[in-house]
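> Attaching a single structure in structure tokens format; questions to follow.
The values are calculated or read from the model by the stated rules, or taken from the named source; none is laboratory data. In this text, all values refer to a predicted model and were calculated from it rather than measured experimentally. Cβ placement follows ideal geometry from the backbone for every residue including glycine, while neighbour counts extend to all protein chains displayed.
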Amino acid sequence: MKIFNLSIECYPVAKVGGLADVVGALPKYLNKIEGVEASVIMPWYNKPFVHEHRFEVVFDGWIHQFDQTLQVIVMKERTKVLGFDLYLVKIPGLLDRDNPYGYWDESQQFIAFQHGVLHWLSAMKIRPDILHCHDYHTGLVPFMVENCPEFSFLKGVKTIGTIHNGEYQGQMSWQMAKYLPWFDGSKKGLLDWDGFINPLASMIKCCHEFNAVSGGYMAELFENFRGLESLVQQEHQKAHGIINGIDTEVWDPMTDSFLDFNYAQKDAAKGKLKNKIELCEEYGLDPKLPLFSFIGRFAVEKGADFLPEIVRKSIQETFGAINIIILGSGEKGIEYQLSDLSYHFSNFALDLGYKEYLSHKIYASSDFLLMPSRVEPCGLNQMYAMRYGTIPIVRYTGGLRDTVEDISTGGNGLNFTEASADAAVHGIHRALHIYYQKDLMKDLVQSNMSLDFSWEKSAETYLDLYKM
């Protein structure tokens, strides 16, 4: 079975969020299954990975968009270093930039990427069994395959759509239709939602099957999907929930090259303490105090707007008996508030930006990880945390409710239901009671590290979906 994963992100080539981690792991684990050949197709970026690895040009052609003729260059990584074939699509002027997002002509970029991919496959007579489309950035592919005569060679190829985050749908005005390959105007309803082109809605309408990245999140989309509730209800027979896994080869405290000290499950307490001492020394924190952390984007959906109040209240209410470290970036107002707090509280450390190596160190050093998310389709951070023996404190939503069960019902973490700073602070107080019960804390660390969040099971579930 030949599967092409189409995505804007893929770790370690270009990463903004969890989408990159999923696309960088799923095909690798699929390829471990006999008879499966999974690959990734993504845009070319001016990134270190691209310059540090060898690529060969496998296609050089042209597409027409409105009044433009665009060159499409497809490059293949030569050594299969990621465990799968990696193809980069370069379109000078559109897909040759530093980052995946943040450009005024994003909609045209994403259309050009999808157009370029399908043009290459059609021109070279490459017909996969499955085109797996990740999020709205590739959501027009199912429509194009079936309704654009330019891609008649691909008509009938099965398409799967995965919703990693339904908050982002790629909505654009109908003026952008001029950039699409020609299609019969009678089919425009397959692109439209509320008077706009909506790539995510189109993906749901046109793909053969679709899934969200956890069962809990799929259930939530039926009730709250930023206007697409009635659509997903209508297409319910195609809907599935498949929890993501984590790459246990990348995320392994025994071999992780980013850590100051590697450790196994049996010596986790000592290993985590050694890493904690190093991290606390670097950031001026007291290693004798419990260490709470947050890693992620400063976005409202992540509950990041609660963070300043969480930091202030938890430190004041515990009389400074905790450490907090935050790694992330995003909304400038949140960055400013947190920066101000870092000057007022010596036991609060802030590192703005995203550093992959530092995230690994924080997981290994922390006692607790905080995730106060309003929306969390799957969540990978809680799985990384438990893999490294850290106890997650999470809001009971989406994939978090699928992966973190509260200690009060025999689980390995702490849940709270209300999306608020007070609810998160209450979770921190509960965590402190656990922290000072050393035997209980040790058991939780050991138990968390024994949980299996690997991609093997999820990859098999995706294979079942492909076979449908």
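Okay, residues lined up against (1) closer than 19 Å to residue 161 by Cα; (2) under 20 Å from the mean Cα position of the chain (by Cα); (3) not in a strand (DSSP E or B):
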| residue | (1), (2), (3) |
| --- | --- |
| 4 | yes, yes, no |
| 22 | yes, yes, yes |
| 25 | yes, yes, yes |
| 29 | yes, yes, yes |
| 33 | no, no, yes |
| 40 | yes, yes, no |
| 56 | no, no, no |
| 64 | no, no, no |
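> Has segment 303-323 got any residue that is under 18 Å from residue 18 (Cα atoms) and under 18 Å from the mean Cα position of the chain (by Cα)?
yes
Quick grid of which residues meet (1) of a type outside the set (Lys, Arg); (2) touching a Cys at 6+ places or on another chain (Cβ under 8 Å); (3) not assigned by TED's automatic domain parsing to the domain that holds residue 359:
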site: 238; (1), (2), (3): no, yes, yes
site: 255; (1), (2), (3): yes, no, yes
site: 271; (1), (2), (3): yes, no, no
site: 282; (1), (2), (3): yes, no, no
site: 300; (1), (2), (3): yes, no, no
site: 320; (1), (2), (3): yes, no, no
site: 328; (1), (2), (3): yes, no, no
site: 335; (1), (2), (3): yes, no, no
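> Have a look at 61, 18 and point out the one that is over 30 Å from residue 242 (Cα atoms), in the same structural domain as residue 158 (by TED's automatic domain parsing) and touching a His at 6+ places or on another chain (Cβ under 9 Å).
Numbers: 18 fails: over 30 Å from residue 242 (Cα atoms).
Just a single option satisfies the conditions, and that option is 61.
> Residue by residue through segment 381-397, note down the ones that are farther than 18 Å from residue 258 by Cα and not aromatic (Phe, Trp, Tyr).
Of everything in segment 381-397, those that are farther than 18 Å from residue 258 by Cα and not aromatic (Phe, Trp, Tyr) turn out to be 382, 391, 392, 393, 394, 395, 397.
> Look at residue 434 and say whether it is farther than 22 Å from residue 300 by Cβ and among the β-branched types (Val, Ile, Thr).
Taking the combined requirement at face value, the residue satisfies it.
> Same structure, new question: Among the residues of segment 427-468 satisfying the criterion of being within 27 Å of residue 270 (Cβ to Cβ) and aromatic (Phe, Trp, Tyr), which is surrounded by the fewest Cβ atoms within 10 Å (Cβ to Cβ)?
So, considering only residues that are within 27 Å of residue 270 (Cβ to Cβ) and aromatic (Phe, Trp, Tyr), the one surrounded by the fewest Cβ atoms within 10 Å (Cβ to Cβ) is 436.
> Within the group 424, 419, which residue is surrounded by fewer than 22 Cβ atoms within 10 Å (Cβ to Cβ), in contact with a strand residue (DSSP E or B) (Cβ under 8 Å, 6 or more places away or on another chain) and in contact (Cβ under 8 Å) with a residue 40 or more places away in the chain? It would help to see each step written out before you state the result.
On the way: 424 fails: surrounded by fewer than 22 Cβ atoms within 10 Å (Cβ to Cβ).
Matching residue, one of 424, 419: 419.
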